[in-house]
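**Student:** Take this structure first; my questions come after.
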Amino acid sequence: MMKELHSKGTRIEDIAAVLKRSPIHPRIVEAIKSAHALGCDLKNVSDANTFFIETILEHHGLKECFLEINTNPGFVDQQGRLRIFPHHDFTKSSHGCQHPSCLPNMCKGIRIERIQASLSMEDPKKTKIYLGDGLGDFCPSLKLGDGDYVMPRKDVPVWDLICKNRSLIKAQICEWSNGEEFKTVLLHLISRIISVEGNNTSANIDQLYSVDCKLETMSLPSATGPETFPQSLHVLH
């Protein structure tokens, strides 16, 4: 997809401009900043790519809020072209997860397990909140424990999977539908965790955000006139 766009004269600046126009509900931005200010360790797990995510986070003043970005590598080469590579090179081997909701280039569940292993050495009591709305977010939801929380968006693919398999989810399920609900639910959970821990100043929480950037039917300038992304921009498939 990137090669095709560049062959039509699309510049990296054009791609960045489209990303910056991608709508994010202002309450979601506020919620992320509030969670960071309360002491939550924010980590991103996404099937997008580093260029997309960092461009959007920087545009909204959120990049410094995140400790980690776990995604497909993406960088601009010497010719000014965006190069994107899979998080896991599925052409050489499988990542090992057989769940049908996971893509061959990334199993978010495996990524979450590695984050959990790291956290267990740092602070085994840390509470985790996982937020996501894609099919690939079901597998990591299965990895959370009894004291954790999963925040799926209602009426999207991952919500349907969770509703059909609630018995498999150990974490408490706290759904949301829009930016207003996102902020309300997230900050309520953080407040509850802080209250339970008896700490009124900071949260012993690790928040795992799944932000898969999909650009749908957005105009992208090119040397030959306006171009439109066909449906979603899936950079790896």
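Here is a yes/no grid of residues against (1) modelled with pLDDT of 95 or more; (2) over 19 Å from Met151 (Cβ atoms); (3) within 16 Å of the chain's Cα centre (by Cα):
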| residue | (1), (2), (3) |
| --- | --- |
| Leu5 | no, yes, no |
| Arg11 | no, yes, no |
| Asp47 | no, no, yes |
| Glu54 | yes, yes, yes |
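**Student:** Give the residue, chosen from Ser22, Ser34, Ser46, Ser7, that is farther than 29 Å from His88 by Cβ and of a type in the set (Ser, Thr, Tyr). It would help to see each step written out before you state the result.
**Tutor:** Numbers: Ser22 fails: farther than 29 Å from His88 by Cβ; Ser46 fails: farther than 29 Å from His88 by Cβ; Ser7 fails: farther than 29 Å from His88 by Cβ.
Criteria check complete, one pass: Ser34.
**Student:** With the condition kept exactly as written, say whether any residue in the stretch 141-155 is closer than 23 Å to Ser34 by Cβ, in contact with a Leu (Cβ under 7 Å, 6 or more places away or on another chain) and of a type in the set (Val, Ile, Thr). Steps first, please.
**Tutor:** Here is the first cut: in the stretch 141-155, the ones closer than 23 Å to Ser34 by Cβ are 144, 147-154.
Next, from what is left, pick out any that are in contact with a Leu (Cβ under 7 Å, 6 or more places away or on another chain): 149-151.
So of that shortlist, the ones also of a type in the set (Val, Ile, Thr) come out as 150.
Scanning the stretch 141-155 turns up at least one residue that is closer than 23 Å to Ser34 by Cβ, in contact with a Leu (Cβ under 7 Å, 6 or more places away or on another chain) and of a type in the set (Val, Ile, Thr).
**Student:** Do you know which residues across the stretch 177-189 are in contact (Cβ under 8 Å) with a residue 24 or more places away in the chain and out of contact with any strand residue (DSSP E or B) (no Cβ under 6 Å at 6 or more places or on another chain)? I'd like the intermediate steps shown before the answer.
**Tutor:** Pass one, the stretch 177-189, residues in contact (Cβ under 8 Å) with a residue 24 or more places away in the chain: 177-180, 182-183, 185-187, 189.
Hits for the stretch 177-189 are Ser177, Asn178, Gly179, Glu180, Lys183, Leu186, Leu187.
Conditions (1) part of a loop (DSSP other than H, G, I, E, B); (2) under 24 Å from Lys128 (Cα atoms); (3) touching a residue at least 24 places away in the same chain (Cβ under 8 Å), marked per residue:
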site: Asn70; (1), (2), (3): no, yes, yes
site: Gln79; (1), (2), (3): yes, no, no
site: Arg83; (1), (2), (3): no, no, yes
site: Pro86; (1), (2), (3): yes, no, yes
site: Phe90; (1), (2), (3): yes, no, no
site: Ser101; (1), (2), (3): yes, yes, yes
site: Gly109; (1), (2), (3): no, yes, yes
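**Student:** Only residues that are part of a loop (DSSP other than H, G, I, E, B), more than 15 Å from Lys63 (Cα to Cα) and in contact (Cβ under 8 Å) with a residue 24 or more places away in the chain: list them for the stretch 1-38, please. Talk me through it step by step, then tell me what you get.
**Tutor:** So in the stretch 1-38, the residues part of a loop (DSSP other than H, G, I, E, B) come out as 1, 8-11, 22-25, 38.
Going one step further and asking which of them are more than 15 Å from Lys63 (Cα to Cα), we end up with 1, 8-11, 22-23, 25, 38.
The answer is Met1, Lys8, Gly9, Thr10, Arg11, Ser22, His25, Leu38.
**Student:** Mind counting the residues in the stretch 124-160 that are within 19 Å of Arg192 (Cα to Cα) and either without any contact (Cβ under 8 Å) to a residue 60 or more places away in the chain or of a type in the set (D, E, K, R) (or both)? Can you show your working first?
**Tutor:** Of all residues in the stretch 124-160, those within 19 Å of Arg192 (Cα to Cα) come to 124-131, 144-152.
From what's left, either without any contact (Cβ under 8 Å) to a residue 60 or more places away in the chain or of a type in the set (D, E, K, R) (or both): 124-126, 128, 144-152.
Total satisfying the criteria: 13.
**Student:** Now for a different question. Filter the stretch 136-146 down to the residues that are touching a helix residue (DSSP H, G or I) at 6+ places or on another chain (Cβ under 9 Å) and surrounded by fewer than 20 Cβ atoms within 10 Å (Cβ to Cβ), then identify the one that is farthest from Met106 (Cα to Cα). Let's see the steps before the verdict.
**Tutor:** Of all residues in the stretch 136-146, those touching a helix residue (DSSP H, G or I) at 6+ places or on another chain (Cβ under 9 Å) come to 136-145.
Retained after the next criterion (residues that are surrounded by fewer than 20 Cβ atoms within 10 Å (Cβ to Cβ)): 142, 145.
Numbers: Leu142: 16, Gly145: 22 Å.
So, considering only residues that are touching a helix residue (DSSP H, G or I) at 6+ places or on another chain (Cβ under 9 Å) and surrounded by fewer than 20 Cβ atoms within 10 Å (Cβ to Cβ), the one farthest from Met106 (Cα to Cα) is Gly145.
**Student:** Would you pick out the residues in the stretch 79-97 that are surrounded by fewer than 16 Cβ atoms within 10 Å (Cβ to Cβ) and over 21 Å from Ser7 (Cα atoms)?
**Tutor:** First pass over the stretch 79-97, keeping only residues surrounded by fewer than 16 Cβ atoms within 10 Å (Cβ to Cβ): 79-80, 83, 85, 89-94, 96.
Listed by number, the residues that qualify are Asp89, Phe90, Thr91, Lys92, Ser93, Ser94, Gly96.
**Student:** Only one of these is over 22 Å from Lys125 (Cα atoms) and either of a type in the set (Lys, Arg) or touching a Lys or Arg at 6+ places or on another chain (Cβ under 8 Å) (or both): Glu30, Glu4, Glu13. Name it.
**Tutor:** Working: Glu4 fails: either of a type in the set (Lys, Arg) or touching a Lys or Arg at 6+ places or on another chain (Cβ under 8 Å) (or both); Glu13 fails: either of a type in the set (Lys, Arg) or touching a Lys or Arg at 6+ places or on another chain (Cβ under 8 Å) (or both).
Sole residue among the options that is over 22 Å from Lys125 (Cα atoms) and either of a type in the set (Lys, Arg) or touching a Lys or Arg at 6+ places or on another chain (Cβ under 8 Å) (or both): Glu30.
**Student:** Please enumerate the residues belonging to the stretch 136-162 that are at pLDDT 95 or above, out of contact with any Lys or Arg (no Cβ under 7 Å at 6 or more places or on another chain), more than 15 Å from Trp176 (Cα to Cα) and assigned to a loop (DSSP other than H, G, I, E, B).
**Tutor:** Leu142, Lys143
The values are calculated or read from the model by the stated rules, or taken from the named source; none is laboratory data. Predicted model only: the values in this text are computed from it and were never measured. Heads up, the Cβs are rebuilt from the backbone with ideal geometry, glycines too, and the neighbour counts pull from every protein chain shown.
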